[in-house]
Amino acid sequence: MKWGKRIQYWAAWVAGVAFCAGAAQAGQAVTFNLAWVPQGSTAGVLVAIDKGFYRDVGLDVTAVRGYGGNRTVNEVDRGAFQFGYGDPVSVSLNRANGGQTRMVGAINTRWPAGLCYVEENTKATSLKDLAGKRLGGGAGSPVQNIAPAWLEKNKLPRDYLRLVQMDPSVVDLSLIQGRIDLAECWRGSNRAVIQKDARQAKLTLRAIEYADYGLDIYGNGIVTSDELIRKDPEMVRKFVQATYKGYDYLVAHQKETVDIIAKQYPMLDRDVLTQQVSETADLIVDKTASKKSLGWMSPDRMNKTAAFIDSAFRLGGKVKSEDIYTDAFFD
């Protein structure tokens, strides 16, 4: 699909639309903010709605589109949504500014992002090949803080890459067109979209993974508020456990997961969705915690996560790892 048509297509689709999978059921009403449009990373929630896993525990869950991780976490903090898809960076920033959000389960047990480049334009096999390359990102994007801190962690100067502030909506297209050399690409999310665009342009997309160069931190998961945890811990427990039942199903039934979501949202590109679901099935399985439930978060790795975020965003120790998450809702 051409970029102009794509923008019109998505704009027409997403404006004012609430995403609900399955028929409305009687039960305790819960709204989940997807942080973006339906995609592989949040497919476990959509599966749990479709298969009736929430209904079975007395919840009537609606999934709605979101407008980015930071905004989603802040909206959860304000009580606009009971739960959302958020990451430890957004939670830490929210708490550093007086918010009261918390992760109650991991989906990306490894940091899912990398720096993507077009092989025909940029020759690279390692991080050290990227000296002076232009990395595009939104002015408010975490990449503006994460990339320099990650470079420093790899004993490289913070300005080793040239950070270019751009309108977020044009970053991926600018990479394909060669206007920038690098763009963040997220497994389970936009990486599949960029790869499809690259193939259509007869180009080859490659990536240098943050995680391959020392970034051992958690990515996105389920976020809620401390207020909801205090007021209705049983509802939080039901939501968490039904959600990971959905992700368990996703891991075991990837093709059916794609079928479920494509049926509800036929405007989604099936090839892109298939790749996103496959990537999410890989990311949610923590190979270092094989005896734990899906979604469980390691205190040691969360300590590393909090320490990196504190350094990258210069939070001055205001946010501790115990502020960011809880494993209390896993049996």
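Can you find even one residue in the range 99-115 that is β-branched (Val, Ile, Thr), under 30 Å from Lys196 (Cα atoms) and over 15 Å from the mean Cα position of the chain (by Cα)? The answer is no; no qualifying residue exists. Of all the residues in the range 206-220, those that are open to solvent by less than 20 Å² (accessible area, probe 1.4 Å) and closer than 20 Å to Asn121 by Cβ number 1. Considering only residues that are over 23 Å from Gly84 (Cα atoms), open to solvent by 20 Å² or more (accessible area, probe 1.4 Å) and either in a helix (DSSP H, G or I) or in contact (Cβ under 8 Å) with a residue 60 or more places away in the chain (or both), which ones fall in the range 190-204? The answer is Gln195, Lys196, Arg199, Gln200, Leu203, Thr204.
Residues that are open to solvent by 30 Å² or more (accessible area, probe 1.4 Å) and in a helix (DSSP H, G or I) within the range 276-331 comprise Ser278, Asp282, Pro299, Asp300, Asn303, Lys304, Ala307, Asp310, Ser311, Glu322, Asp323, listed in sequence order. Do we find that Ala281 is under 16 Å from the mean Cα position of the chain (by Cα) and either closer than 25 Å to Asn94 by Cα or among the aliphatic types (A, V, I, L, M) (or both) in this structure? Judged against the criteria, Ala281 is a match. Condition test on Phe19, is it at pLDDT below 95, open to solvent by less than 20 Å² (accessible area, probe 1.4 Å) and not charged (D, E, K, R)? So Phe19 fits the description; yes.
Set side by side, the residues Gly79, Gly40 differ, and just one is buried (at least 24 other Cβ atoms within 10 Å of the Cβ) and in contact (Cβ under 8 Å) with a residue 40 or more places away in the chain, which is Gly40. Looking only at residues of the range 137-169 that are open to solvent by 60 Å² or more (accessible area, probe 1.4 Å) and assigned to a helix (DSSP H, G or I), we find that the one that is farthest from Ala281 (Cα to Cα) is Glu152.
Considering each of Lys245, Lys255 in turn, give the residue that is assigned to a helix (DSSP H, G or I), at pLDDT 95 or above and either among the small types (Gly, Ala, Ser) or surrounded by fewer than 17 Cβ atoms within 10 Å (Cβ to Cβ) (or both). Matching residue, one of Lys245, Lys255: Lys255. Among the residues of the range 110-120, not one is in a strand (DSSP E or B) and under 18 Å from Met297 (Cβ atoms). The listed residues are Gly99, Gly27, Gly44, and the only one of them that is farther than 24 Å from Ser278 by Cβ and modelled with pLDDT of 95 or more turns out to be Gly99.
The set of residues in the range 178-189 that are out of contact with any Leu (no Cβ under 7 Å at 6 or more places or on another chain), farther than 15 Å from Lys133 by Cα and not in a strand (DSSP E or B) contains only Ser189. Quick check, is Thr125 open to solvent by 20 Å² or more (accessible area, probe 1.4 Å), without any contact (Cβ under 8 Å) to a residue 60 or more places away in the chain and part of a loop (DSSP other than H, G, I, E, B)? When the stated conditions are applied, Thr125 passes them.
The values are calculated or read from the model by the stated rules, or taken from the named source; none is laboratory data. The model shown is predicted, which means the values in this text are computed figures rather than measured ones. Here the Cβ is made from the backbone with ideal geometry for all residues, glycine too, and neighbour counts use every protein chain on show. When the accessible area is computed, the model is the full protein with side chains, heavy atoms only, and any ligands, DNA or RNA have been set aside. Shrake-Rupley method; radii C 1.70, N 1.55, O 1.52, S 1.80 Å.
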